[in-house]
Structure formats: C-alpha cells, structure tokens
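Participant: Here you go, one structure.
Where a number appears in this text, it was derived from the coordinates with a stated rule and is not lab data. Given the structure is predicted, the values throughout are model-derived calculations rather than measurements. Quick reminder, even Gly has a Cβ in these numbers, built from the backbone with ideal geometry, and neighbours come from all protein chains shown.
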Amino acid sequence: MTIFNLPATVCLTADPDFTDLALNELRAAAPPARTTGTLAPGVLLIDGVDFFSLAATWHVTPPIFVRHICPVMAAARLYGGEDDVEIMADLLRGQLLEYVEPSLPFSVQTRIFEDGLLKPFDVNRALSSLVEKATAAPLDVRAPQQILSVVIGNVAEMGGAAALMGVSPTLYNLSDWAGGMRRFAREKEQISRAEFKLLEALEVFGIELPPRGVALDLGASPGGWTRVLRGREQYVTAIDPGELDPRLMGDPAVRHLRMTAEAYLAGEPERFDLIVNDMRMDARDSARLMVDYAPLLYADGQAIMTLKLPARGRRAIIERAFEILRQAYEIQGARQLFHNRSEITVYLTRGAIGRESS
Ligand SMILES: C[S@@+](CC[C@H](N)C(=O)[O-])C[C@H]1O[C@@H](n2cnc3c(N)ncnc32)[C@H](O)[C@@H]1O
C-alpha cells in the first residue's frame with residue numbers, strides 16, 4: 001500500500017448554504033485551520049488543527065453551523081474494485097484498532113461521495129465485524145460511545161478516490177449521526193415536514209417535557225409541531241391565523257385560536273410550561289415577541305424557536321436576535337439542525353431575571 005501524507009486532520013460537515021458561517025466558527029475556534037479540499041457541497045477537508053483539541057473546544061461551546069466533525073487519522077487510495085474493503089481493513093488493523101476502547105460500544109459510520117464505489121452498508125458491516133473480533137468492543141449502532149468514521153471521496157492530493165478514517169468518542173463528533181444527518185421515519189399520520197425539526201430539536205438539546213404539561217404553539221398551522229407535542233402528552237394551545245389539519249380538530253387537548261401571536265398576547269393569555277415558535281417572521285421581530293411572551297412561562301419553563309434567516313447578513317441578524325432574547329431568557333443551545341433550511345433552532349429557558357419576577 002502506498003503511504004500518503006494525510007490530506008487533512010478533520011472532515012467537517014455543514015449545510016452547503018451555511019458553509020461560510022461554519023468556516024467562521026472554525027477559524028474562531030482554531031485560527032490556523034485551513035480547508036484543503038471539498039468532497040461534496042458542505043463536506044470539507046480541514047488541516048492545520050488537531051481534531052481532539054478542536055473537538056474538546058466545541059464540546060464545551062458547541063458551534064451553531066458546523067454539524068459534524070470526524071477525525072482523519074489514516075488514509076488510503078481506493079481503486080473501485082473488490083479489494084477496496086480489504087484496503088480499508090488493512091488500514092484499520094495497521095493504524096486504528098489501537099484507538100478503539102474495548103470496553104465501550106462502538107459503531108462504524110461510512111459516507112461515500114464517489115459514485116460507483118462501495119455501498120456504506122457493506123463497509124460498515126465488514127469493518128464492524130473486524131473491530132468486534134479484534135477488540136471485543138460491542139457493536140451498538142443506536143447508542144455508540146465511540147465511532148469509527150469512514151469518509152470516501154475524491155481527494156485531489158491523493159490522486160483520486162480515497163478512504164479517510166479515524167476513531168473518536170461519539171460526543172466529539174457533534175452529532176451521533178453520520179455527517180449529522182438525523183433522519184426520522186415518515187409516519188402515515190404526519191402533518192408536515194416541520195415535525196422533523198421539532199423532533200430533532202428535542203433530541204439534540206435533550207429536552208424533557210413535563211408530564212401532561214401545557215404548551216403554546218405559536219405559528220402552529222398546519223399543525224405538525226402540535227401533533228409532535230400531543231405525542232408527548234402535552235395540552236396544546238395552537239395560535240395561527242391559518243388552518244389546523246382537520247385530524248387535530250377533534251382532539252380535546254388541542255385548542256386552536258385563529259389569530260396572530262400579537263393578538264393572543266394582547267388579550268388575556270394563560271401561562272405555559274413550554275412555548276414553541278416556528279412563525280414565519282423576521283428573526284429579530286420573532287425574538288422581540290418571545291421576550292414579550294416570557295412572563296407567560298412558568299419559572300422552570302422552556303422555549304424552542306426557529307430564527308428564519310435571509311440570504312445575506314445572517315450573522316449580524318443572529319447576533320441581534322440573541323441579544324434581544326437574552327433580555328428574558330438563557331440561551332441553552334442554538335443549532336442549524338439537519339431539518340432546518342434557512343433557519344436555526346434555539347433552545348431557551350427563563351433567565352434569572354425571569355425567574356425572580358415569576
Ligand atoms: C413554517 S409554518 C409553521 C409550521 C408548523 N410548525 C408545523 O409544524 O406545521 C409558519 C406559520 O407561521 C404563521 N405565522 C406567521 N406570522 C404569524 C403571527 N404573527 N402570529 C401567528 N402565526 C404566524 C403562518 O401563518 C404559518 O402558518
């Protein structure tokens with residue numbers, strides 16, 4: 001096997017439309033980092049930074065736009081034949097098995113950005129069986145604590161298709177899912193694709209909802225988020241001038257008030273354990289409205305909102321929206337989720353000021 005200098009130390013993934021903001025985050029965390037190649041839109045090879053120090057920094061202060069990182073610790077050229085799996089197995093045996101912790105569950109995550117090569121499933125199966133036999137570490141694809149990442153693509157510095165591989169603790173990859181691509185199964189009863197955003201937010205931010213809590217859904221139409229909240233046994237007040245899906249209308253635990261969020265606030269609003277807001281609205285206006293809504297949240301209340309972003313000036317808009325939100329909330333997390341398009345999702349709890357006044 002030809003020995004190559006590693007073409008990168010990190011493979012970084014972001015939404016293709018937000019790569020510029022992801023790279024800003026990278027530069028802020030690791031100024032010497034530089035991009036050495038692009039395997040696909042939003043999938044970048046990065047050099048000049050140590051994966052583990054970058055991951056440790058982001059583990060404490062997670063980025064918003066970088067969705068996933070994995071280490072590049074070994075690399076081999078692939079040729080598109082049946083030997084490719086054996087080439088990767090050799091690399092694993094020779095350079096990576098020593099980094100697999102035998103007592104921790106592991107998984108192999110493969111992403112392939114070159115046509116006509118192997119299928120991810122075949123690579124995962126072959127390499128996980130090798131890891132299991134060689135280290136006795138248990139395979140657990142649902143809750144792995146360490147990941148063998150395999151990224152296959154055209155790497156100019158290596159003269160063609162190559163496999164880039166590395167081993168890391170799952171929590172260092174920023175997402176438990178290969179490339180941060182958290183997919184949910186479509187359900188027959190699903191009302192809108194927006195449901196996936198809320199499911200992903202609840203999971204990513206580790207949000208627990210109180211049993212039979214009371215929730216307010218701002219901008220609820222057609223009702224996807226309301227349906228998700230009903231699935232978690234919340235009583236939902238859904239605010240939107242638009243229609244709710246008829247399947248929700250017969251549910252006594254859903255109350256649809258056909259009005260704007262501004263109009264509801266101006267009336268005699270109630271108090272809630274959770275406010276969710278997916279309103280199609282300028283991010284700063286939406287943040288201002290959330291500040292006005294903060295007194296309606298119980299002291300240990302939580303809020304989840306999307307901030308819709310235009311094509312330009314997104315960073316300044318996010319910073320301003322955060323500044324506004326901090327008047328009434330603590331920002332517990334903010335992520336550009338896999339299911340977000342031109343927006344980010346923010347998780348809020350009531351700030352100390354909010355708690356004092358309730
Ligand atoms: C992206 S959709 C919400 C989708 C919803 N989360 C779901 O899961 O089905 C945005 C909604 O915001 C609503 N909206 C926009 N401005 C609003 C306002 N001022 N008050 C209430 N709803 C508003 C729109 O009517 C629209 O239905």
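Participant: Using Cα pairs under 8 angstrom and six or more residues apart, how large is the relative contact order of the stretch 187-298, in percent? Provide the component values of the computation, followed by the final result.
Facilitator: Working: 173 pairs, mean separation 28.8, N = 112.
Value for the stretch 187-298: 26 percent.
Participant: Kindly write out, for the stretch 84-98 in residue order, the coupling ³J(HN,Hα) from the Karplus curve 6.51 cos²θ - 1.76 cosθ + 1.60 (θ = phi - 60°), rounded to whole Hz, with x marking Gly and Pro.
Facilitator: Per residue, the Karplus-derived 3J(HN,Hα) values read 4, 5, 5, 4, 5, 4, 4, 4, 4, 4, x, 10, 10, 4, 5 Hz.
Participant: Continuing with this model, one more query. I'd like to know how the stretch 168-225 sits against the 2.2 N^0.38 Å rule of thumb: what's its Cα Rg over that expected value?
Facilitator: In units of the globular-protein estimate, the stretch 168-225 measures up at 1.36.
Participant: Follow-up question, since we're still on this one. Divide by every residue of the chain the summed helix terms, -39500 (n - 2.57) for each DSSP H run of at least 4, and state the resulting mean residue ellipticity at 222 nm, rounded to the nearest 500 deg cm²/dmol. Write down the numbers at each step before the final one.
Facilitator: Working: 11 runs with 103 residues, N = 358.
Calculated mean residue ellipticity at 222 nm is -8000 deg cm²/dmol.
Participant: Around Tyr329, which amide H atoms from residues at least 5 apart in sequence, or from another chain, sit under 5 Å from its own amide H, with H modelled in the peptide plane?
Facilitator: Placed amide hydrogens put Gly351 under 5 Å from Tyr329.
Participant: Here's another thing I want to ask about it. Return P(r) of the stretch 194-357 (all Cα-Cα pairs; 5 Å bins starting at 0; whole %; ordered from short to long distances).
Facilitator: For the stretch 194-357, the binned pair fractions read 2, 9, 20, 23, 23, 15, 6, 2, 0 percent.
Participant: Cα atoms only: what Rg and Dmax, in Å, come out for the chain?
Facilitator: Gyration radius and largest Cα-Cα distance of the chain: 22.8, 73 Å.
Participant: Then there is this: Starting with the highest mean, order 140-152, 228-240 by the number of other Cβ atoms within 10 Å, averaged over the residues of each peptide. All intermediate terms of the calculation are to be shown ahead of the outcome.
Facilitator: Values: 140-152: 19.5, 228-240: 21.2.
My ranking of the peptides, most packed first, is 228-240, 140-152.
Participant: Something else: Under a cut-off of 21 Å between alpha-carbon atoms, report the lysines in cross-link reach of Lys308, not counting same-chain residues fewer than 8 places apart.
Facilitator: Once the sequence-local lysines are set aside, what remains near Lys308 is Lys197.
Participant: How large is the convex hull of the C-alpha atoms of the stretch 189-253 per residue, in Å³?
Facilitator: 78
Participant: Let me spell out the model: positive unit charges on the Cβ of Lys and Arg, negative unit charges on the Cβ of Asp and Glu, origin at the Cα centre of the stretch 10-180. What dipole size does that give, in debye rounded to 20?
Facilitator: On the way: 10 positive and 20 negative charges, 52 e Å.
Roughly 240 debye, rounded to the nearest 20.
Participant: With both bridge residues required to lie in the stretch 194-357, what share of the DSSP beta bridges run antiparallel, to the nearest 5%? Kindly include the intermediate steps, with their values, before the conclusion.
Facilitator: Values: 13 of 32 bridges.
So the antiparallel bridges amount to about 40 percent of the total.
Participant: Related question: In a shell of Cβ-Cβ distance under 11 Å around Ala316, excluding Ala316 itself, what net charge do Lys and Arg (+1) and Asp and Glu (-1) give?
Facilitator: Details: positive: Arg284, Arg312, Arg314, Arg315, Arg320; negative: Glu319, Glu323.
After counting each charged neighbour, the total is +3.
Participant: Normalising by the residue count of the chain, find the relative contact order in percent from Cα pairs under 8 Å and 6+ residues apart.
Facilitator: The normalised contact order for the chain reaches 13 percent.
Participant: Below 8 Å between Cα atoms, with a sequence gap of 6+, how large is the relative contact order for the stretch 10-180 in percent? Provide the component values of the computation, followed by the final result.
Facilitator: Details: 337 pairs, mean separation 45.6, N = 171.
Worked out over the stretch 10-180, it gives 27 percent.
Participant: Oh, and also: List the aspartates and glutamates whose Cα lies under 12 Å from the Cα of Lys119, skipping any in the same chain that are fewer than 8 positions away.
Facilitator: Partners within reach: Glu82, Asp84.
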